[in-house]
Amino acid sequence: MSHSTVALILHDADLQPHRTRYWKTPTLDDTFRHKAAQVLWCYEQAQQLAQRDEVVLCVDEKPNIQVLHGEQPARPMRPGLIERREFEYVRRGTVNLLAKLVVHSGRMRSWDLERNNGDCLRGVLPQLLGDHRDARRIHLIWDNAPSHTARQTLDFLRTHYPRVRVIFTPAHASWLNQAELLLRAFAERYLQRGDWASCDELIEHLDASWPEYNRFYAHPFTWSWTRAKMHLWVDRHLS
């Protein structure tokens, strides 16, 4: 059988055997329902909570951002030609970005972590939470990364920030964290096409970028997946 015949058969069957994609499936059980409902309740009530001086925060990391420096400067676009970038580049290290999203306003703040671990995370928590020192309660949503679930981190929060309610996304369901949407939107605007000669240069760029994001782009994310829809989705997959 010729290659062209195989190609026609696969095209008609709408199959693409040359492609693959990783995916994770959460375990759909009572634990998932409970944890997902806690997160979704916060999103549904974010505006009302803010009126009662309570704030919903989402936190997530973008670790190991490669600092890439092109050997030749990019050639800007001009009529009839797209922007062109040199294929060869030099790696200048990596940077770990920690981002916080204030759900009711869509505003953000970011920090550059020396390492993506619990010690560095706890080092910035006073700043991260200090922005909301007047809040009666803080609902802190993040995933199950080791730095988040570490006993030292939870003890630190209980001891120094008793007003913080820590909410973990269900296992394999970090997509419930709106900070992932924030990092995606931020990266599209400030990390694509980047060219930096050093880690310090990228860090300086990041430190200048999040205030600009707040001025021009910050807005609450549209989130339509409610607790009711979540329960229907789980019931459908379990039936």
query = How large is ³J(HN,Hα) for each residue in region 216-225, as worked out from phi by the Karplus curve 6.51 cos²θ - 1.76 cosθ + 1.60 (θ = phi - 60°), to whole Hz, x for Gly and Pro?
reply = 10, 10, 4, 6, x, 6, 6, 10, 9, 7
inquiry  = So, R0 is 41 Å and r is the distance between the beta-carbons of Gln127 and Met77; what FRET efficiency does that work out to, to 0.05?
reply    = 0.55
Label-point separation in nm, Ser2 to Ala37, each point 7 Å along Cα→Cβ = 6.2 nm
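Based on DSSP loop calls and a cut-off of at most 13 other Cβ atoms within 10 Å, the longest stretch of the chain free of exposed GluC sites (Glu not before Pro) is what? List each step's numbers first, then the result.
Details: sites that count: Glu71, Glu83, Glu86, Glu88, Glu114.
With GluC sites (Glu not before Pro) excluded where exposed in loops, the chain gives 115-239 as its longest stretch.
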key: Globularity ratio of the chain, using Cα Rg and 2.2 N^0.38 Å   = 1.23
key: Virtual paramagnetic centre 7 Å along Cα→Cβ of Ser105, amide N under 12 Å, in region 117-154   = 131-135
inquiry  = Using the Karplus curve 6.51 cos²θ - 1.76 cosθ + 1.60 with θ = phi - 60°, what ³J(HN,Hα) values do you get for each residue of region 176-184, in whole Hz, with x for Gly and Pro?
reply    = 6, 8, 5, 4, 5, 5, 4, 4, 5
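Between Leu238 and Asp195, what length comes free when the chain is fully extended (0.36 nm per residue of separation minus the Cα-Cα distance, one decimal in nm)? Walk me through the numbers on the way to the answer.
Working: separation 43, 0.36 × 43 = 15.48 nm, distance 4.78 nm.
In short, 10.7 nm is gained.
Would you kindly calculate the translational diffusion coefficient of region 1-143, applying Stokes-Einstein with the Kirkwood radius from alpha carbon pairs, for 10 °C and a viscosity of 1.306 mPa s, and quote it in µm² s⁻¹ without decimals?
Numbers: Rh = 20.4 Å.
Translational diffusion coefficient: 78 µm²/s.
Quick one, what does Rg over Rh come out to for region 77-175 if you take C-alpha atoms and the Kirkwood Rh?
Numbers: Rg = 18.5 Å, Rh = 16.2 Å.
Radius of gyration relative to Kirkwood radius: 1.14.
Compute and list, largest first, the equivalent-ellipsoid semi-axes of region 163-225 from the alpha carbon gyration tensor, each √(5λ) rounded to a whole angstrom. Let's see the in-between values first.
Numbers: eigenvalues 143, 44, 34 Å².
Largest first, region 163-225 gives 27, 15, 13 Å.
If you take every residue apart from Arg52 with its C-beta less than 15 Å away from the C-beta of Arg52, what net charge results, scoring Lys and Arg +1 and Asp and Glu -1?
Values: positive: Arg136, Arg137, Arg163, Arg165; negative: Glu44, Asp53, Glu54, Asp134.
Here the count lands on 0.
How big is the dipole moment of region 76-150 about its Cα centre under a simple scheme where the beta carbon of each Lys and Arg is +1, that of each Asp and Glu is -1, and everything else is neutral? Debye, nearest 20, please. Show your work: numbers first, answer last.
Working: 13 positive and 9 negative charges, 42 e Å.
Magnitude of the dipole: close to 200 debye.
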inquiry  = Can you tell me the length gained on complete extension of the stretch Asn144 to Phe156, counting 0.36 nm per residue apart and subtracting the Cα distance?
reply    = 2.7 nm
request  = With a cut-off of at most 12 other beta carbons within 10 Å, and DSSP calling the residue loop, which trypsin sites (Lys or Arg not before Pro) in region 113-174 qualify? Please list them.
outcome  = Arg115, Arg133, Arg136
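Please find the FRET efficiency linking Thr222 to Ile9, where r is the Cβ-Cβ separation and R0 is fixed at 35 Å, and quote it to the nearest 0.05. Don't jump to the answer; show the numbers that get you there.
Numbers: r = 41 Å, r/R0 = 1.19.
According to the calculation, E is roughly 0.25.
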query = Which ³J(HN,Hα) values in Hz, rounded to whole numbers, follow from the phi angles of region 157-166 under the Karplus curve 6.51 cos²θ - 1.76 cosθ + 1.60, where θ = phi - 60° and Gly and Pro get x?
reply = 5, 5, 6, 9, 9, x, 7, 8, 9, 7
request  = Please tell me the relative contact order of the chain in percent, rounded to the nearest whole number, where contacts are Cα pairs under 8 Å and at least six residues apart.
outcome  = 26 percent
message = Are there any chymotrypsin sites (Phe, Trp or Tyr not before Pro) in region 1-110 that are in a DSSP loop and have at most 10 other Cβ atoms within 10 Å? List them by number.
response = Tyr22, Trp23, Phe87
ask   = Are there trypsin sites (Lys or Arg not before Pro) in region 10-53 that DSSP puts in a loop and that have at most 12 other Cβ atoms within 10 Å, and which ones?
value = Arg19, Arg21, Lys24, Arg52
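Rank these residues by their accessible area, most exposed first, probe 1.4 Å: Trp142, Trp223. Working shown, then result.
Working: Trp142 0, Trp223 70 Å².
Heavy-atom accessible area, descending, gives Trp223, Trp142.
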ask   = Which net charge results for the neighbourhood of Asp200, defined as the other residues with beta-carbon distances under 13 angstrom from its beta-carbon, given Lys and Arg at +1 and Asp and Glu at -1?
value = -4
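How fast does region 115-239 diffuse by Stokes-Einstein, in µm²/s, taking the Kirkwood radius from C-alpha pairs at 37 °C and 0.692 mPa s?
Working: Rh = 17.4 Å.
It diffuses with D of about 189 µm²/s by this estimate.
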message = With the alpha-carbon atoms as the only input, what is the per residue convex hull volume for region 1-47 in Å³?
response = 151 Å³
request  = Quote to one decimal, in nm, the extra length available between Asp29 and Arg52 on full extension: 0.36 nm per residue of separation minus the C-alpha distance between them.
outcome  = 5.0 nm
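Might you tell me the accessible area per residue for the chain, computed with a 1.4 Å probe and given in Å²? Walk me through the numbers on the way to the answer.
Details: 14980 Å² over 239 residues.
Spelled out: the 1.4 Å probe surface of the chain, per residue, equals 63 Å².
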ask   = Where Lys and Arg each count +1 and Asp and Glu each count -1, what net charge lies around Pro162 among other residues with Cβ under 15 Å from its Cβ?
value = +4
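About the Cα centre of region 1-153, what is the dipole size in debye to 20, counting +1 per Lys and Arg Cβ and -1 per Asp and Glu Cβ, all else neutral? Before the final figure, lay out each step's value.
Working: 22 positive and 19 negative charges, 58 e Å.
Around 280 debye, computed over region 1-153.
The values are calculated or read from the model by the stated rules, or taken from the named source; none is laboratory data. As the structure is a computational prediction, the values presented were derived from the model and not from experiment. Neighbour counts are summed over all protein chains in view; Cβ atoms, including those assigned to glycine, are modelled from backbone coordinates with ideal geometry. The area values use the complete protein model at the heavy-atom level, side chains included, leaving out ligands, DNA and RNA. Shrake-Rupley method; radii C 1.70, N 1.55, O 1.52, S 1.80 Å.
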